Structure formats: structure tokens, C-alpha cells
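The values are calculated or read from the model by the stated rules, or taken from the named source; none is laboratory data. Computed from a predicted structure; not experimentally measured. Every residue, glycine as well, gets a Cβ built from its backbone with ideal geometry; the counts of neighbours run over all protein chains shown.
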Amino acid sequence: MRNGSIGSGALILAAMLAVSAPASLSAQQTEPANPAAANPNIVVNAPEMVAGPEIKGIISARSGDKIRVTAADGTSTVILVNDATKFKSGGGLFGGGKANKYTTESLLNGLPVTVKTVQSDSGLLASQISFKSGDMKTAAMIRNGTAQGFEEQTAATEALRGRMADIDKYNVKATTNVYFDTGKTDLSYTAKNDLCAVAAQAEATDNALLLVVGYTDSVGSDDYNQDLSERRAGKVINYLQQVCHWKPYRMLTPTGMAKADPAASNDTPEGRAQNRRVSVNILVSKGLDGM
């Protein structure tokens, strides 16, 4: 009897433990790792990007993942662009991805845009960039520099060019002179090599343009020297474009300065030889420099 009573109690205790242990274990297993999931009174907010200003203006520079947008009042803003940036044109909204009609490469200098931004650790980030398809076509014509393009939309091209800011303000990065015989426009062998070397140097300079300026010595009339300086500049322009493959849209309008701004005295043959020159200047717009 005594042994049976003890055995019955032990069995009852074992049964109670067997029931309570799985219940406790089940409670531990089903307890959520995130307390907010079990408690509706706990609210967890995901971090959100803070909206930035809406920027309107012309793309005056582009470098890597950055664009500079210059407003009508001359103020400029550098904005980051990434794969999440959306592009809107002609009522169509396109996100990132291979199916995208527009990409960062579509953001040509001279393109009028409206940019919605958000604040990021690296500065303003473009969330959406809007532009007109007609403006995109005109900007592409300017970029390509084709005669046909300018003839098709001369008015639009000139209007768009006129809206670009700071285009006449440049930093001079380098200057190379090529020299000519008296009264001649022929390029020497040395001059030809120097011109292609200048084009290669400019190609290695971010956002570079070339400005070609022709000069003469003081021999001859003013009208003759003006014409001669312009023909020398034109000869250099043609060689740079046709032989050295420098793109026309990266060339500023050439200038003939005749006998003005001499490099040396015109009183000696040696000085006059230095003045019969064409200067090829590598320029970078101040709005683009350093991007």
C-alpha cells in the first residue's frame, strides 16, 4: 500500500510535468523576436528621405554621377543622379533599369530640366528629372554639332544656347602656338604634329573646349592682316577637325586678331616670326571646372 501510494503520486507528478513542459516550450518558441509584432501599441517607423527643393534650370555641366543645373538668375546647384532616379518626358514616366528610354547619359548640356530632389548624406539627390522631348532633340543637335541639325531647328538651337549660363567665362588650361611664314597660311610638319598633340591633351582634359586665335606681324595693311589672321585660324580649325578628329561642337568660334597683342617686338625679324602665329587654347568653362 505504501509503495503503491508513492508510485501513484510519482505518476501524477510526472504527468503534470509532461503537460506543463511542452506548453512552456511552445510559449518560448512562438514568442516573436520583434516585440512590436506582438504589441500593436508599439510603432516602428522606417527611415525616410527628407524632401529637398525643386530645381529648375539648364544642365550646364555633367560629370560622372553629378549634374550642375543653372537657374535663370545664374545660381547653380550640383545634384547627384543614381539608378533610382526617374526620368519624365512627354507625359511618360520611366524608372531605372534596362527598359528605361532615358538614362543618365541622356542628360545633355543645355537641356532645360525640372528636378525633384531629396536630401542625402552626399548632398541633393535627384528623385525625378523632367524635360520636354523637343528640348532633348535640340540639345542632342547641339551635342552632335551637325550642320543638318542646326539647319532643321536653327531658331530652337539659338534660343537654347542663349539660355545657357556662364558659357563665356573660361579658365585657360594650356596654350600652344603654331607658326607661319610671311604672308602664308600653310601648316608646317612641326605645326601639324603640334596640333594633334594639342587635341590629344585637350581630350584628356575633362570638359575641355578649344579656342583658336590667329595673328600676324605688323607688315602689310590692317585689312590684309585681318584677312590673313582669319585664314590662318581657319586652316588650323580644319586640320584639328579633319585630321586630329577634334569634334566641331567642342570648338569655340575662331578669331582673327591681325597684328594685335604681339607675342614679341615687331622691330626684329625674330620678333615678327614669333608674331606670325595661331594660338590654340585649351579652355574649361568656370561652370564646369572642377566637376
- R276 fails exactly one of (1) of a type outside the set (G, A, S); (2) surrounded by fewer than 20 Cβ atoms within 10 Å (Cβ to Cβ); (3) over 30 Å from S60 (Cβ atoms), namely (2)
- Query: If you go through the stretch 240-252 one residue at a time, how many are under 25 Å from the mean Cα position of the chain (by Cα) and either buried (at least 18 other Cβ atoms within 10 Å of the Cβ) or closer than 14 Å to V280 by Cβ (or both)?
  - Reply: 7
- Please verify whether the stretch 208-224 includes one or more residues that are assigned to a loop (DSSP other than H, G, I, E, B), among the β-branched types (V, I, T) and touching a residue at least 24 places away in the same chain (Cβ under 8 Å). yes
- Task: Count, please, the residues in the stretch 173-207 that happen to be hydrophobic (A, V, I, L, M, F, W, C), at pLDDT below 95 and assigned to a strand (DSSP E or B).
- Result: 1
- Query: Is it the case that L195 is touching a strand residue (DSSP E or B) at 6+ places or on another chain (Cβ under 7 Å), under 24 Å from G110 (Cα atoms) and surrounded by 18 or more Cβ atoms within 10 Å (Cβ to Cβ)?
  - Reply: no
- Query: Which is out of contact with any Ser or Thr (no Cβ under 7 Å at 6 or more places or on another chain) and modelled with pLDDT of 50 or more, of K88, K98, K66?
  - Reply: K66
- Of the residues in the stretch 70-84, how many are within 16 Å of Q119 (Cβ to Cβ) and buried (at least 17 other Cβ atoms within 10 Å of the Cβ)? 4
